[in-house]
Amino acid sequence: MPANTYQQGRIKQVFSDKNAQTSYLISQLTLAEKIGQMSQFNNDAENLHNAIKQGNVGSVINEVDPDTINELQRIATQESRLGIPLLIGRDVIHGFNTIFPIPLGQAASWSPDVIELCAKIAAVESSNSGLNWTFAPMIDVSRDPRWGRIAESLGEDPFLCSTLAIAMLKGFQGDKLSDPHSIAACAKHFAGYGASESGRDYNTTNIPENELRNVHFPPFKAVAEAGISTFMTSFSDLNGVPATGNKWLLNDILRTEWQYPGFVVSDWASITQLITHGFAKDENAAAYEACNAGVDMEMATDNYAQHLPSLINSEKISIEHIDAMVSRILRLKIDIGLFDNPYAANSTSSKQLNSFHLAVAKQAAIKSCVLLKNDKHTLPLSKTAIDSLAIIGPLADDGYEQLGTWAFDGNAEHSITCLEAIKAYVKDSIKVKFAIGMETSRSNHQDGFDEAVNTASDADVAVMILGEEAILSGEAHCRSNINLPGCQEALIDAIYQTGTPIVLVIMAGRPITLATILPKVDAVLFAWHPGTMAGPAITELLFGEDCPSGKLPLTFPRTVGQIPLYYGQKNTGRPASESTFIDINSINVRAPQTSLGMTSTHLDTHYSPLFPFGYGLSYSQFEYKNINVDKYSINMGESLKIAATLRNIGKVDAEEVVQLYIRDLVASVTRPVKELKGFQRVYLKAGQSKSIVFDLHTDELAFYNRQMTLTTETGIFHAWIGGSSDTELKTEFEVILPSE
Ligand code: NOJ
């Protein structure tokens, strides 16, 4: 067994294992020092150095300067009584210095490999600066595009979210947490935050237990099982009990049922906010509720420091409970290797944004872009067939906005914008003229329209680069309308009037309602916020150096009134179909009222989305045929193979994300009309075909039933394979008990 060493002053201790080291430290810590380990301070806290020296600090958040971090670690390890190093935490959400696409964009790549590599690079860059803990991945299943934090999420689907979250976790934590370039990850926000009512951040959530278990918990359970180091509580109130004081959530589910060994951190001041929620009467009660529920570390506020001593003295909280919490925190510090070396991995690394990191950022952005429309093969643009190009829009040449939300440590000066990249790519072969059109994406002034119209009129093609500025999504940045903001729709109208074909590139942190402008543009490339390398990535796609292959990780509604709209809906007792679409204007005045023939739809729009989950075009076309199962009946506990033939019938070599969906036709609780159960990214040369096979075990058909037990029920299932959730290529199979 490897010996663990621990140097305290001049005394060097050797332990047989990590448990022994943890127990030893627990035996040495005073109560105040234990509570210190449970406290996270912001980097600008008053008297931080002294507090560290006194052993009152377990973790520091938001410091990124390597020299400062090294000094904090020096004080912790050399000047505090027990020399316990610090966890240094930061929101490294989609890159550190090299900024990758926002997580929602990365999710559109449907590529665990891309996501793992982005997280790995973020871990390398941030650990070089001395960080050892990130507050990512954010794995709240998100079905409300009004919610600003949807930008940070991995989309609407529990399966996609779980698969990609595990990839991100692997990237951050590496093969070994003690590797100097691994950083601890944090699953957040536990739980239900994505369901904030009306998509307004921090808002209440009411989620039945069955829905929690079948939809919101799976990504958290998946990363808990995959070894994520920490969990963060949600700000929100879950069924009347705020998550930060929710013992059922943190103790009964996470700790007891899932046997999660890592530690739980509160969100920023969320312990104090238990008072604001109306759940705790004062700070003492807030500290009690959070600690009793199972929050091991407090972020930013000091309720634990102020009130745990009296709560322990009065035996409301037992010292055994505290010891267990502190042990979990110490254990991470040991696992991550901080007792061996707490310092920045390479504080002199001058080239954080090296060519490899930038190449990965470009590839990630390429794979994240989703081609939503491409009439008459408008894209790719041909260098030879076009003489002049108009580049229009406030996001065409803005290195800051393309980074998106949570890009604290990215630098706009390192960004390459679309305008820069397009000019560099076409050199003198195409005349490129730029008109900003609007000052910002939100602006309502049309002063720039004339210049934009003139620029477009003179050009063969207008590439409009529109969308949302970074600040329009992210924490507390929610919108009640999710259309193109400001006067962008009017700008599109104005350019449309010129008759010049329009290629619309959208950078945004959420789905945008595009129904009204779609008929006016010839092609739409949805790029999310692509990060540092937005320009080169988009340029290569526009000119066909690479082929779009991203697929939507969530549903795009036609109108905000359809929200929540997601593919995995329940069938209802009166499901709609396109034939039951009702045009509100076609209803006769004083029409007779009847209760017959009514279905679950809105009068004034279709029941279906504008673009379904999983959708995304390519410059090539793919044909799906011959879906089949290797056996019709499978015994419970066994697997079957579901296969289809995929053929690239277009003229371009391209990648396709092949998706497998199932439906459990009859179950003891109603099940979604479709559920994603597998996906594969497949590269096919033009004309090439391939049999795509998915293995499906009956365990993968399990769901939580009325007794909240995870179970697979016998019966008939439908299965579909295709390039989007609206695929109609269907087969079926039956799950039986072995004796049947
Ligand atoms: C609040 C956010 O909700 C959380 O996601 C983040 O990690 C913390 N602040 C720390 O910045």
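The values are calculated or read from the model by the stated rules, or taken from the named source; none is laboratory data. Everything numeric here is computed off the predicted structure, so don't read it as measured data. Methodologically, a virtual Cβ is constructed for each residue, glycine included, from the backbone with ideal geometry; neighbour enumeration extends over all protein chains shown. Areas reflect the complete protein model, heavy atoms only, side chains present, ligands, DNA and RNA absent. Shrake-Rupley method; radii C 1.70, N 1.55, O 1.52, S 1.80 Å.
Structure notes:
- Length released on extending from residue 626 to residue 181, taking residue separation times 0.36 nm less the Cα-Cα span: 155.6 nm
- For the chain, calculated [θ]222 nm from helices alone, where every DSSP H run of n ≥ 4 adds -39500 (n - 2.57): -7000 deg cm²/dmol
- Antiparallel bridge percentage (DSSP; both residues within segment 622-736; nearest 5): 95
- Mean separation of Cα pairs under 8 Å and 6 or more residues apart, divided by the residue count, gives the chain a relative contact order of 13 percent.
- Subtracting the Cα-Cα distance of residue 516 and residue 665 from their residue separation scaled by 0.36 nm leaves 50.0 nm.
- Averaged per residue, segment 658-720 has 42 square angstrom of accessible surface, using a 1.4 angstrom probe with ligands and nucleic acids left out.
- For segment 622-736: rounded, prolate or oblate by the Cα gyration tensor [a/c cutoff 1.5]: prolate
- Take segment 39-79 with all the other protein chains still there, run a 1.4 Å probe, and you get 44 Å² of accessible area per residue.
- Estimated FRET transfer efficiency when R0 is 56 angstrom, pair residue 588-residue 411 (beta carbons, to 0.05): 0.35
- Estimated FRET transfer efficiency when R0 is 35 angstrom, pair residue 78-residue 442 (beta carbons, to 0.05): 0.10
- Approximate spin-label separation residue 16-residue 375, in nm, with each point projected 7 Å along Cα-to-Cβ: 7.6
- Modelled FRET efficiency - R0 45 Å, residue 42 with residue 689, Cβ distances, 0.05 increments: 0.20
- Whole-Hz couplings from phi, Karplus 6.51/-1.76/1.60, listed for segment 373-384; x for Gly and Pro: 8, 7, 6, 6, 6, 4, 9, x, 6, 9, 4, 8
- Accessible area of the chain belonging to carbon and sulfur atoms, whole % at 1.4 Å probe: 48
- Take every pair of alpha-carbon atoms less than 8 Å apart whose residues are at least six positions apart; their mean separation over the length of segment 162-232 yields a relative contact order of 44 percent.
- Solvent-accessible ranking of 175, 296, largest area first, probe 1.4 Å: 175, 296
- Whole-number accessible area per residue in Å² for segment 359-542, which is evaluated in the context of all protein chains at 1.4 Å: 35
- Of the cross-linked pairs 677/730; 247/677; 641/690; 362/423; 651/690; 674/730, those separated by over 20 Å at the C-alpha level are 247/677.
- Selection from 374, 75, 151, by position along the positive dipole direction of the chain (Cβ): 374
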